[in-house]
1. Go through the stretch 89-107 and count every residue that is exposed (fewer than 15 other Cβ atoms within 10 Å of the Cβ) and among the charged types (D, E, K, R).
2. Quick one: would you say A49 is within 11 Å of G97 (Cα to Cα) and open to solvent by less than 10 Å² (accessible area, probe 1.4 Å)?
3. Sort out which residues of the stretch 60-88 are among the hydrophobic types (A, V, I, L, M, F, W, C), in contact (Cβ under 8 Å) with a residue 12 or more places away in the chain and open to solvent by 50 Å² or more (accessible area, probe 1.4 Å), and write them in order of number.
4. Give the number of residues within the stretch 33-50 that are over 15 Å from E80 (Cα atoms) and touching a residue at least 12 places away in the same chain (Cβ under 8 Å).
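The values are calculated or read from the model by the stated rules, or taken from the named source; none is laboratory data. In this text, all values refer to a predicted model and were calculated from it rather than measured experimentally. Reconstructed Cβ throughout: ideal geometry from the backbone, glycine too, with neighbour counts over all protein chains shown. Ligands, DNA and RNA are excluded from the accessible area calculation, which covers all protein heavy atoms including side chains. Shrake-Rupley method; radii C 1.70, N 1.55, O 1.52, S 1.80 Å.
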Amino acid sequence: MCKAVEYFTAVPKMHNCAQAVAAGAGNDELAEELKCCGGGNAPGGRCGALHAALMLTPEKSHPEIISEFVRAAGSELCREIKNREVPYPCVECVRTGAGLADKFQKN
């Protein structure tokens, strides 16, 4: 299980989706900054897990990150992801966001 998913699913719940991706990447300072970005509250209604992944990666890679995230989750917007006929679970958004952050931080 990836670190971000561990943070997101821990009981008691201490991290929202955005914080879990940041903390999973080892960036506790960013995780603290993102405490208001879960549950569709990231800028523009974007998924918090995607928002954190974008904050952790170079801007030049953002179009590809967004494209890969949308391919997996169906949208970059939290509300649209949750309201799909077959919703993409938040834990999977965290896993996808963390994977993309890891992939593009190293390149």
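1. 1
2. Here the answer is yes, as A49 does meet what is asked.
3. L77, the sole residue that qualifies.
4. 3
To keep it simple, each residue is scored yes or no on (1) closer than 16 Å to Y88 by Cα; (2) hydrophobic (A, V, I, L, M, F, W, C); (3) more than 11 Å from the chain's Cα centre (by Cα).
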| position | (1), (2), (3) |
| --- | --- |
| H15 | no, no, yes |
| A22 | no, yes, no |
| E32 | no, no, yes |
| C36 | no, yes, yes |
| A42 | no, yes, no |
| A49 | yes, yes, no |
| L56 | no, yes, no |
| P63 | no, no, yes |
| S67 | yes, no, yes |
